[in-house]
Amino acid sequence: MDNGEKTLLCVTLAGLLFMAAVFLDERLLFVPAAVLDWLPVPTGWMRVPGVSRRDVIYHVAATLAAYVFGVAWLATGYRWLALAFMETWWIAVMLGQLAIWRMKTR
């Protein structure tokens, strides 16, 4: 399994746990999902040579914005924050995929 596949597996499992957390209103599932979501960063699996710095910045900004909503949901329990987290997190995932696609099509 290459690094891209490991990253995709972690993000997929994180997404499933995030969805379960939001739809079942089980905020504690957010924690293991976040660990899986961030696991590719310290392991180096997420490093993709050739991706533009601008694309990385967009992905990171969207990810951090999503986690602001996620942590606020953990702290308050407001359901709209959970939905805002899911929407923003999905945008971050798509921006990451777009960055890889743009790099491969150059």
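Counted residue by residue at 0.36 nm each, then reduced by the alpha carbon distance between them, the extension gain from Glu5 to Ala20 reaches 3.1 nm. Computed across the chain, the Kirkwood hydrodynamic radius from all distinct Cα-Cα pairs reaches 14.1 Å. When Tyr78, Tyr67 are sorted by how many other C-beta atoms sit within 10 angstrom of their C-beta, beginning with the fewest, the order is Tyr78, Tyr67. Most exposed first by the Cβ proxy, i.e. fewest other Cβ within 10 Å, how do Trp45, Trp101, Trp38 rank? Least crowded to most crowded, the residues run Trp101, Trp38, Trp45. Residue order for Phe18, Phe69, fewest other beta carbons within 10 angstrom first, comes to Phe69, Phe18. In the chain, taking the dipole from charged Cβ atoms about the Cα centre, the farthest positive-side position among Met94, Tyr78, Val31 is held by Met94.
Read-outs: derived from the displayed coordinates by stated rules, not from any lab. Computed from a prediction, not measured in an experiment: that's the story for all the values here. No Cβ is skipped: glycine too gets one built from the backbone with ideal geometry, and neighbour counts run over all protein chains shown.
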